[in-house]
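Since every read-out is calculated from the coordinates, none of them should be taken as a lab result. Note that this is a predicted model, so its numbers are computed, not measured.
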Amino acid sequence: MSNSSLNKYLFTNNSLRGIIRICNLQTDRTLLLVSEDLTKDIQKIRFDLDLGVFHNQALQEEYETVGLEIYTIEPLLIAEKSENLEGLLKLSKEKLKDLGVSFY
């Protein structure tokens, strides 16, 4: 799905659940989070990072040093209502680890 298609899909009145990936584009270092409302949570993550109150201290410190420009905050996957988000999170981490991605 292209970014413009994904954005149209995300910013509807329907709440979508899934896995969010915050990625440093320079280092490929990643944080994965489960979300019951992708649009709301992506906006909250950005807001918390900008305020300096994001819960992952290592990511927050790095963000404050290098700024927003090198980060992407986007859905890694969109889940069905019946899918187990914690199980999807675990599988997603395993797949990314196999690709050599490091994590916060």
Practice task
Mind computing the radius of gyration and Dmax over the alpha-carbon atoms of the chain? Å is fine for both.
Solution key: 13.6, 39
Fill in the blank from the handout: With 0.36 nm assigned to each residue of separation and the Cα-Cα distance removed, residue 26 to residue 74 gains 15.7 nm
Practice task
Could you calculate the contour length gain from residue 48 to residue 95, that is, 0.36 nm times the residue separation minus the distance between their Cα atoms, to one decimal place in nm?
Solution key: 14.2 nm
Exercise for the section: Give me the aspartates and glutamates in straight-line cross-link reach of residue 90: C-alpha distance below 13 Å, same-chain residues under 8 apart excluded. Expected result: 98
Practice task
Using Cα pairs closer than 8 Å and at least 6 residues apart in sequence, work out the relative contact order for the chain, in percent.
Solution key: 37
